[in-house]
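The structure under discussion appears below in the form of structure tokens.
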């Protein structure tokens, strides 16, 4: 055969297709892979059938783990009925196969008042969908209207690959008191981590990254969670340099982990005392962002997020490329959730400026 002759990807052996398909990270990638041709489609099963058998996943008799997906969606012109073809939204599969519930990114509540602006049918051949991240939440059974379980502030599932089986998964979570817990498939109940020889037993955030589960403790130290449900220290703490910069004697702190461009970041927020009201001069926030240098096992402060925007939501935090915001949001900015306010902060990391915006002014699809 002429070495310059190009072979079609349709000629790939079945075993190679299988290996490629099982390394895809998102359900949308799997759907696109299977849409190439019949040989690609037969190499791996469709994700909807897998997901339908996995979620909601029973943790306790009346407690279930539910999964939802954040998408950047581009619909055909006019389909959205508002002149804005791009959306940033969260979809959760309902009990009825093929049907989706649209949830608010910030409040996790079902959105009904904007459904008339959204297309009733999503056709992947006409609509461009980019999967941003997956999030997991614990809910009571549907007999109690599936309300959110308030005892857990964040949960992750591991392994989190598209092709992973439920009987191999574990659910790790941080409860409202900052304690770290775990539930393994088949367990009757969850258990809490016992910390030996450490004064620190409270954790701010947890994330699945680079095939592992990572947590950040109350002093900004990153730790890896081992399969034996033990923590291994990975980095030195982040010192609270933002306290002096914000100029408050009694600030509150929060730390969120964000995966962006294959790197792990931590966003430290320092907020002074003051009421939460639109444009309030009494309330001042300051943000510091650090990137994890795995080779040196340390945090490095960054002054730019590049072309990404960080969204800090209640049950998950994620990065969105600015091109997916279609001019309705800015790159190199941080958008935190403030569910008790009618407005929210927008922090520009380039000039370190903070402004307040009303939800109705922030037109990125169904964000409010």
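Among the candidates 124, 39, 68, 53, the residue that is within 30 Å of residue 13 (Cβ to Cβ), modelled with pLDDT of 80 or more and out of contact with any helix residue (DSSP H, G or I) (no Cβ under 6 Å at 6 or more places or on another chain) is uniquely 39. On inspection, residue 337 qualifies as at pLDDT below 75, closer than 24 Å to residue 209 by Cβ, surrounded by fewer than 22 Cβ atoms within 10 Å (Cβ to Cβ) and assigned by TED's automatic domain parsing to the domain that holds residue 209. Taking the numbered list (1) modelled with pLDDT under 80; (2) assigned to a strand (DSSP E or B); (3) buried (at least 16 other Cβ atoms within 10 Å of the Cβ) in turn, residue 253 passes all entries but (3).
Kindly indicate whether residue 330 is in contact with a helix residue (DSSP H, G or I) (Cβ under 7 Å, 6 or more places away or on another chain) and at pLDDT below 90. Answer is yes for this residue. The set of residues in the stretch 199-219 being surrounded by 20 or more Cβ atoms within 10 Å (Cβ to Cβ) and over 30 Å from residue 24 (Cβ atoms) consists of 203, 204, 217.
Which of the residues that make up the stretch 1-36 are surrounded by fewer than 13 Cβ atoms within 10 Å (Cβ to Cβ), modelled with pLDDT under 80 and in a helix (DSSP H, G or I)? Scanning the stretch 1-36 gives 10, 11.
The values are calculated or read from the model by the stated rules, or taken from the named source; none is laboratory data. Not measured: the values here are computed from a predicted model. Note: ideal-geometry Cβ built from the backbone for every residue, glycine included; neighbour counts use all protein chains shown.
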